[in-house]
Amino acid sequence: MNLQTPIPKGGSNFKLYARRLERLGVKIFEDLLYHIPSRYEDYSLISKIGQVQAGETVTVRGTVLEIKNEYTRGFKNLQKAKLSDDTGEINIVWFNQPYLVRIIHANDNISISGKVNWFSNKLVLQSPEYELANESFSLHTGRLVPIYPETKGVSSKWLRRQIYNVLKDSRQNLTEYLPDSIINNYDLLGVNEAIEQIHFPKTLENAEKAKKRLAFDEFFLMHLSSIQRRSTWRKTLVSNPYSISNYKKEIEDFWKKLPFTLTNAQKRGVGEIFKDLAGKKPMNRLLEGDVGSGKTVVSAIAMFLNFLNGYQSVFMAPTEILAIQHYNTISKLLSPFGIKVQLFTSSSNFKKNKDLRLKIKESDHKSSIVNHKSPTNFGVAVGTHALLYEKIEFEKLGLVVIDEQQRFGVEQRAIIRRKGKNPHLLTMTATPIPRTIALTLYGDLDLSLLDEMPKGRKYIKTWLVGREKRISAYRWIEKQIKETNSQVFIICPFIEESETMQTVKAASREYEYLKKDVFKKFKLGLLHGKLKTRDKDKVLQDFRDKKIDILVATPVVEVGIDIPNATIIVIEASERFGLAQLHQLRGRVGRGNKQSYCLLFTESKNQETLERLKAMERYHVGAELAELDLKMRGPGEIYGTMQHGRRMLKVASFSDFELIKKTRLCAQKIFPSLDEYPLLKEKLKTLNLKQVSPD
Ligand code: ADP
Ligand code: MG
């Protein structure tokens with residue numbers, strides 16, 4: 001069987017399943033082999049019925065004496081069976097599986113695995129696994145049984161059968177792409193053995209060995225591919241290293257016009273960026289800094305130097321609201337120097353306005369120097385994904401800035417860069433990434449850290465507010481608005497990761513309720529992602545102009561919104577958020593010098609949940625909260641939004657720093673002689689292809 005064959009969408013027993021399997025990321029047969037069990041059920045203890053004891057997890061084999069459906073009050077139904085062998089009888093019960101009586105019949109020989117309980121003075125096997133008994137082979141019982149990540153309509157049991165069949169049909173068919181030297185040096189299983197043992201291990205120890213090999217591969221290949229990307233990048237040249245000394249006066253002028261002095265971290269960041277821009281190779285730098293550390297202004301300075309040297313810049317943000325805000329900030333900083341800033345979002349009219357589109361192209365082609373005075377030309381384009389639109393072209397694109405870069409896919413970053421000739425790239429994020437992990441995910445990038453907050457910032461006082469304190473919290477907010485002129489965000493719960501109509505409805509309902517019943521004397525506004533651009537813009541502007549006291553919003557404000565006079569944020573149903581995300585939301589306040597407050601509303605009574613949320617009262621640094629998330633909820637929480645992370649780690653864990661380091665060294669060692677290992681090179685290629693495919 002060819003493992004690269006896509007799972008057929010019709011005609012076979014996979015018919016119904018192809019689409020469902022796609023939800024699990026399974027598209028070709030090989031993907032099934034890489035659908036890794038999340039755990040194993042140990043059913044390897046095979047016992048005579050007469051010897052089983054309560055509390056044991058066992059497999060028993062015998063003859064079915066009877067099986068029947070039983071209906072009880074309250075819509076529950078039970079399936080009860082009796083099994084016997086030459087040593088005794090045992091009762092079996094399943095819940096709500098009426099079809100079982102059509103699968104299992106009296107006198108069948110079956111094998112049953114599960115936990116034995118005492119129930120009304122009898123031993124009972126509750127909801128056990130079952131299959132027809134076969135002396136020489138069993139799949140679902142009598143062994144270590146793999147349990148798989150499931151999706152609606154695709155059970156672990158079904159997956160187990162299919163994976164078993166694919167393994168059988170394709171035995172030893174996976175290409176070993178690791179060189180022997182690595183396999184020997186690191187004491188790894190071969191890839192075929194590892195795949196077989198990860199699914200159907202003889203012992204848990206074997207499963208561990210299989211895991212070790214597959215985890216090694218995950219990090220090793222990630223490193224190797226980022227080292228490769230870096231090396232390719234380093235081979236490209238910019239057409240024209242920028243001059244800094246020619247523009248000393250202008251740059252000094254820019255410093256003077258800034259409304260504040262930069263923090264030392266910001267200065268260091270600017271220094272690193274300037275050095276890159278003055279170099280012969282295109283910059284590829286990640287600017288990482290906690291919410292409120294002031295990344296925007298650093299990027300604006302980079303765009304300024306880019307402009308002075310005669311080039312255009314692009315600044316791409318993940319949401320329209322954010323793009324508009326950045327457009328305003330950046331215009332304010334750059335237009336005093338004669339730089340025209342242009343906004344591009346899907347709602348702005350550039351698509352309909354063919355003229356504008358054409359003129360951008362024409363005027364750029366006519367002169368090699370950008371004419372910033374022309375009304376259809378610009379030095380800086382700020383926008384959303386709309387910037388990726390193919391008709392938007394730049395003749396002199398020198399610098400691409402990507403804000404909240406974790407929100408963009410690898411492919412989107414590539415598209416925007418292709419609009420220039422090896423332009424410099426500056427990506428920005430507030431997602432705190434420990435250094436080891438940054439090296440894995442972004443090993444091809446240089447890193448600048450803003451590890452310092454602007455002077456005068458105070459910690460945001462944070463309280464957990466249970467249902468009983470809700471009313472007094474509302475009264476306290478009223479008092480704050482009256483006495484200190486504060487402005488308030490109220491963030492409504494979200495249901496899905498992305499904003500849906502349901503979320504919008506929930507926010508609208510909350511808005512009506514708060515307006516009518518809670519904050520009658522104040523002006524409220526409503527902000528969500530489904531509003532028209534013009535309306536979004538107006539709401540935000542009104543909030544900025546203090547025409548609105550309380551802004552009820554969906555988590556669209558999560559990234560980047562900057563309104564320094566807002567000093568209180570209420571987060572409804574806060575238990576639904578991860579700590580790192582709560583920290584991002586909380587970062588919407590505390591952006592000026594006034595004391596700010598964050599109220600975490602929750603109805604949860606779960607002790608663990610409350611403990612987790614309480615951490616927000618004590619911790620104020622994003623990296624520390626991310627660390628806690630990592631411990632309490634696992635790596636998925638922080639890295640869930642990271643494109644690479646989600647797609648590439650199935651076995652390894654980002655908390656395994658030891659393995660990350662080891663595999664990085666190994667990748668560095670092998671990279672110079674990569675050409676000697678064509679199979680490894682090929683594997684890397686398919687991996688990179690997968691990585692750039694859109695979500
Ligand atoms: P983030 O890093 O979260 O993107 P922003 O760039 O939005 O942060 O900056 C947050 C706020 O801090 C903005 O209002 C900005 O004007 C202000 N700011 C940035 N740098 C400084 C500084 N050095 N001193 C005082 N305020 C600053
Ligand atoms: Mg920002």
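The values are calculated or read from the model by the stated rules, or taken from the named source; none is laboratory data. Just so we're clear, the structure is a prediction, and the values are computed from it rather than from any experiment. Cβ atoms come from the backbone with ideal geometry, glycine included; neighbour counts cover every protein chain shown. When the accessible area is computed, the model is the full protein with side chains, heavy atoms only, and any ligands, DNA or RNA have been set aside. Shrake-Rupley method; radii C 1.70, N 1.55, O 1.52, S 1.80 Å.
When the helices of the chain are scored as -39500 (n - 2.57) per DSSP H run of n ≥ 4 and the total is divided over every residue, the value at 222 nm lands at -12000 deg cm²/dmol.
Using a simple spin-label model with pseudo-atoms 7 Å out from Cα toward Cβ, residue 280 and residue 685 lie 3.0 nm apart. Cα centroids of region 599-628 and region 174-216: 39 Å apart. Positive contributions from Lys and Arg (+1) and negative ones from Asp and Glu (-1), summed over other residues with Cβ under 11 Å from the Cβ of residue 257, come out at -1. With both labels modelled 7 Å from their Cα along Cα-to-Cβ, the residue 542 to residue 63 distance reads 8.0 nm. Computed about the Cα centre, the dipole magnitude for the chain is approximately 2640 debye when only Lys and Arg (+1) and Asp and Glu (-1) carry charge, each at its Cβ.
Over region 406-460, consider all pairs of different Cα atoms and compute the Kirkwood hydrodynamic radius from their mean reciprocal separation; express it in Å, one decimal.
That comes to 13.8 Å for region 406-460.
The Rg/Rh ratio of region 461-619, with both radii computed over alpha carbons and Rh defined as the Kirkwood radius, is 0.93.
With the cut-off at under 12 Å, measuring from each backbone N in region 443-480 to a point 7 Å along the Cα-to-Cβ line of residue 617 picks out 462-466. A Förster distance of 56 Å, applied to the separation of the beta-carbon atoms of residue 391 and residue 470, puts the FRET efficiency at 0.65. Residues in region 66-72 carry Karplus couplings, in order, of 7, 8, 8, 7, 9, 9, 10 Hz; the curve used is 6.51 cos²θ - 1.76 cosθ + 1.60 with θ = phi - 60°, and Gly or Pro positions show x.
Computed on the chain, the Cα convex hull volume stands at 202 Å³ per residue. Heavy-atom accessible area for residue 544, with the other protein chains in place and a 1.4 Å probe, reaches approximately 80 Å². Roughly to the nearest percent, how much of the accessible area of region 125-196 is carbon and sulfur, given a 1.4 Å probe? Carbon and sulfur atoms account for 42 percent of the accessible area of region 125-196.
Straight distance only, please: which lysines reach the Cα of residue 152 with their own Cα at less than 21 Å, same-chain residues fewer than 8 apart left out? Correct list for residue 152: 9, 15, 27, 650.
Here each label is just a point 7 Å from Cα along the line to Cβ, and for residue 520 and residue 461 those points are 2.8 nm apart. For region 117-204, the list of chymotrypsin sites (Phe, Trp or Tyr not before Pro) that fall in a loop by DSSP and count at most 11 other C-beta atoms within 10 angstrom reads 137. Size descriptors for region 146-266: radius of gyration and Dmax over Cα atoms are 26.3, 73 Å. Applied to region 163-178, the Karplus parametrisation 6.51 cos²θ - 1.76 cosθ + 1.60 on θ = phi - 60° returns per-residue 3J(HN,Hα) values of 5, 4, 5, 4, 4, 5, 6, 10, 2, 6, 9, 7, 6, 7, 9, 7 Hz, with x for Gly and Pro.
Ranking 276, 187 from most to least accessible surface, computed with a 1.4 Å probe over the protein chains only, gives 187, 276.
When the chain is described by a simple charge dipole with +1 on each Lys and Arg Cβ and -1 on each Asp and Glu Cβ, the residue from 307, 387, 100 located farthest towards its positive end is 307. The calculated FRET efficiency for residue 136 paired with residue 77, based on their beta-carbon distance and R0 = 45 Å, is about 0.80.
Estimate the FRET efficiency between residue 208 and residue 418 by the formula 1/(1 + (r/R0)^6), using the beta-carbon distance for r and 56 Å for R0, to the nearest 0.05.
The formula returns an efficiency of 0.80 here.
Between the helical axis of 678-692 and the longest alpha-carbon principal axis of the chain there is an angle of about 70 degrees. By the equivalent-ellipsoid construction on the alpha carbon gyration tensor, region 45-142 comes out with semi-axes of 20, 16, 12 Å, ordered largest to smallest. For region 69-206, the percent of C-alpha pairs falling in each 10 Å distance bin, counted from 0 to the bin holding the largest distance, reads 9, 30, 30, 17, 9, 4, 0. Using 0.36 nm per residue and subtracting the Cα-Cα separation, the extra length available between residue 150 and residue 411 on full extension is 91.1 nm. Shown in residue order for region 606-620 are the 3J(HN,Hα) couplings computed by the Karplus curve 6.51 cos²θ - 1.76 cosθ + 1.60 at θ = phi - 60°: 5, 4, 5, 4, 5, 4, 4, 5, 4, 4, 5, 6, 9, 9, 10 Hz (x for Gly and Pro).
In the chain, the DSSP beta bridges split such that about 40 percent are antiparallel, to the nearest 5.
Ligands, DNA and RNA aside, residue 191 has an accessible area near 0 Å² when probed at 1.4 Å. Excluding the sites themselves, what is the longest stretch of the chain that contains no GluC sites (Glu not before Pro) in a DSSP loop with at most 12 other C-beta atoms within 10 Å? Here the longest run is 136-389.
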